[in-house]
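What follows is calculated from the coordinates using simple rules that are stated; it is not laboratory data. All values derive from a computational prediction rather than experimental measurement. Note that each Cβ is placed from the backbone with ideal geometry, even for glycine, and that neighbours are counted across all protein chains shown.
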Amino acid sequence: MPDATFLGWPFFDDDHPALARDLDAWCRREIAPLAGEQEEEDVDAASREYVRRLGEGGWLSYAVPAA
């Protein structure tokens with residue numbers, strides 16, 4: 001995982017470091033293998049695939065407020 005010292009800032013709580021580790025591990029498993037598979041000029045399709053996987057993995061729920 002890249003430098004995560006910012007997770008020690010006062011507005012992050014104890015759950016944030018674990019969340020960052022979980023997301024990093026998930027990205028290494030689910031996203032990193034896709035690197036280089038898509039053609040450079042098809043960045044839109046690659047982006048849609050990444051977002052689809054993030055949604056299926058439940059990660060987009062952190063970006064959308066609860067109803």
Pop a pseudo-label 7 angstrom from the Cα along the beta-carbon direction at both PHE12 and VAL64 and give the gap in nm to one decimal.
2.6 nm
Extension gain (nm, one decimal) between LEU23 and THR5, 0.36 nm per residue minus Cα-Cα:
4.9 nm
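In whole Å and largest first, what semi-axes does the C-alpha gyration tensor of the chain yield when each eigenvalue is scaled by 5 and square-rooted? Mind dumping the intermediate values first?
Numbers: eigenvalues 136, 50, 21 Å².
Values for the chain, descending: 26, 16, 10 Å.
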